[in-house]
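Q: Pasting a structure here, questions to come.
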Amino acid sequence: MLTDAKAMLEASPDTRHTSPATRTAMNTRDRFPIFKTKTYLNSCSQGALSLDVQQAYETYLRDWDEKGSPWELWVERSETARQAFAGLINAEASEVADCTSVSAGVSAVASALDFSGERNRVVVSDFEFPTIGQIWHAQERRGAKVVHVPAAGNIIPMERFEEAIDDRTKIVSITHVCFRNGSRLDVPAIVEMAHRKGALVLLDAYQTLGTMPIDVKALKVDFLAGGVLKYLLASAGLAFIYVRKDLVPDLYPTTMGWFSQANIFAMDIYATTPSPTARRFGSGTPPVPCIYAGVAGMKLIQSAEPEKIEAHIREITGAIKEGAMRRGFNLASPVDPARHGALITIRSHKVDLLVKRLDADGVVTSSRDNNLRLSPHLYNNQKDVDTLFDCLMRHRELLV
Ligand SMILES: Cc1ncc(COP(=O)(O)O)c(C=O)c1O
């Protein structure tokens, strides 16, 4: 397996006569064995497995086998993972905690907010992943009041945020891209609106991390959550929460654990001394195998360069939208590229059956509501789009 992987990694594809975006796919596609047998278009759910991530898991097993219990190394690896994530979002490693899911990271932040006063509102968009709504509603027992911002079709007009955010708003919790329809929110405008009213902003960037450059300082968000299993190309079990540096000292999460302490090895059962850094939003033993994989996935994204990945994805999503519209299919995502992410959705009246039929054709997709979800990444190319439409045409009675 290792020799196989090395040979593939060293293979240099012919990159002449191609656009920069196509070259991105060509340079990376060979590292993802699934493309030998399938057309993989489901990165919004799970990134494809690369040889790099396979090797990372093998390295984990080898370290465990050869070294026994190398805890120092494993703690160091989690530091490496925090640094890699911080590098991807232009934060400092001290502003990032590793956790086992976005839910765990956001719950830790929620637990640290005080809802006992006048400023107790949580503004949540209708495009959120359920976990986000559930976490904020769980804070109602602690005095929070959740305000939902309703969608109008496949967008949420800015006036609706304007109506929902006021000087009772503690935090605005928004997703960058909606997991149901691919719609992208105007984060800078919402952040500006929230900050003008004195509210904090938490950005769930799970559907954008790895698909475009993300800069927490430029976006001016106060918190950002995301994990590695989708476009960061690794596996379940590792996520991160970013907390703006100057907010950390005054926030005391009640979701504690020995890895969120100032000194992990203090072993104090008589007191809790949270880390002075964002690590206080972490918890217990880190998910070591997932950390090996996560570091490998994030490295792949960094080396492919998020700006180039964004340009490549824009080319492929453009081809999907154009192909769908030309054939009279109904797009559920906005058409304007500034208003959607890497996820393009097409309406189907029997979407579960359609996903099954595509799967039988070797095309891996997924669905939410009545929408077929197509989520290309750096490894997809025009050939995948052609294969997709050949198959969709065979099942078009499920689409129109
Ligand atoms: C936008 C978004 N947020 C959050 C989640 C869930 O994250 P976790 O399971 O790590 O809590 C998902 C998972 O699909 C997602 O798409």
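Q: Would you please classify the overall shape of the range 222-298 from the alpha carbon gyration tensor, given that a ≥ b ≥ c denote the square roots of the eigenvalues, rounded means a/c under 1.5, and beyond that prolate means a/b larger than b/c while oblate covers the rest?
A: Working: a/c = 2.94, a/b = 1.52, b/c = 1.94.
In terms of gyration-tensor shape, oblate.
Q: Going down the list 36/308; 36/383; 38/383; 217/245, which pairs span over 18 Å between their C-alpha atoms? Present the calculation step by step, with values, prior to reporting the outcome.
A: Details: 36/308 24 Å; 36/383 13 Å; 38/383 12 Å; 217/245 11 Å.
Correct reply: 36/308.
Q: Taking the dipole about the Cα centre of the chain, with the C-beta of Lys and Arg at +1 and of Asp and Glu at -1, give me whichever of 205, 318, 189 is farthest to the positive side.
A: Toward the positive end, the furthest listed residue is 318.
Q: Sort 109, 385 by Cβ crowding within 10 Å, fewest neighbours at the top. Show your work: numbers first, answer last.
A: On the way: 109 26, 385 22.
The most exposed by this proxy come first: 385, 109.
Q: Treat the count of other C-beta atoms within 10 Å as a stand-in for reagent exposure and order 71, 258, 136 from fewest to most. Can you show the working numbers first?
A: Details: 71 13, 258 17, 136 26.
Ordered by Cβ neighbours within 10 Å, fewest first: 71, 258, 136.
Q: Right, next: Shape of the range 210-265 from its Cα gyration tensor (a ≥ b ≥ c, root eigenvalues): rounded if a/c is under 1.5, otherwise prolate when a/b > b/c, or oblate?
A: Numbers: a/c = 2.94, a/b = 1.28, b/c = 2.31.
Oblate, since a/c reaches 1.5 and b/c is not below a/b.
Q: Which value does Rg/Rh take for the range 251-394 over its C-alpha atoms, Rh per Kirkwood?
A: Numbers: Rg = 22.0 Å, Rh = 18.6 Å.
With Rh from the inverse mean 1/r over Cα pairs, Rg/Rh is 1.18.
Q: For a footprinting-style exposure proxy, rank 132, 344 by other Cβ within 10 Å, fewest first. Could the numbers behind the result be given before it?
A: Working: 132 24, 344 30.
The fewest-first ordering by Cβ neighbours comes to 132, 344.
Q: In whole Å, how far is the Cα centre of the range 244-296 from that of the range 105-154?
A: Rounded to whole Å, the Cα centres lie 23 Å apart.
Q: Next question. Run through the DSSP bridge list for the range 62-302 and note the antiparallel percent, rounded to the nearest 5.
A: That works out to approximately 40 percent antiparallel.
Q: About the Cα centre, and with charges only on the beta carbon of Lys, Arg (+1) and Asp, Glu (-1), how big is the dipole of the range 62-302? Nearest 20 debye, please. Show your work: numbers first, answer last.
A: Values: 24 positive and 27 negative charges, 42 e Å.
Taking the Cα centre of the range 62-302 as origin, the dipole is about 200 debye.
Q: Let me ask something additional. Per 10 Å bin from zero, what fraction in whole % of the C-alpha pairs of the range 54-159 is there, up to the bin with the longest pair?
A: Cα pair-distance distribution for the range 54-159, in percent: 12, 27, 28, 19, 11, 2.
Q: Extending each Cα 7 Å along its Cβ direction at residue 152 and residue 338, get the distance between those two points in nm, one decimal.
A: Each label point is offset 7 Å from its Cα along the Cβ direction, giving 1.7 nm.
Q: May I pose another question? Given the Cα atoms of the chain, and with Rh set as the inverse mean 1/r over their pairs in the Kirkwood sense, what is Rg to Rh to two decimals?
A: Numbers: Rg = 21.6 Å, Rh = 22.0 Å.
My calculation puts Rg/Rh at 0.98.
Q: Separate question: Rounded if a/c is under 1.5, else prolate if a/b is larger than b/c, else oblate: which is the range 118-188, with a ≥ b ≥ c the root eigenvalues of its Cα gyration tensor?
A: Working: a/c = 2.40, a/b = 1.44, b/c = 1.67.
Because a/c hits 1.5 or more and a/b fails to exceed b/c, the range 118-188 counts as oblate.
Q: Follow-up question, since we're still on this one. In the chain, if the dipole is taken from +1 on Lys/Arg beta carbons and -1 on Asp/Glu beta carbons about the Cα centre, which of 381, 218, 64 is farthest to the positive end?
A: 381
Q: Another question, then. What does the net charge come to around residue 79 if you take all other residues with beta carbon closer than 10 Å to its beta carbon, with K and R at +1 and D and E at -1? Can you show the working numbers first?
A: Working: positive: 77, 82, 279; negative: 76, 98.
Result for the local shell: +1.
Here, each number is a calculation from the coordinates, and none is a lab measurement. Remember, it's a predicted structure, so these values are computed and weren't measured experimentally. Because the Cβ atoms are built from the backbone with ideal geometry, glycine has one as well, and the counts that use them run over all protein chains shown.
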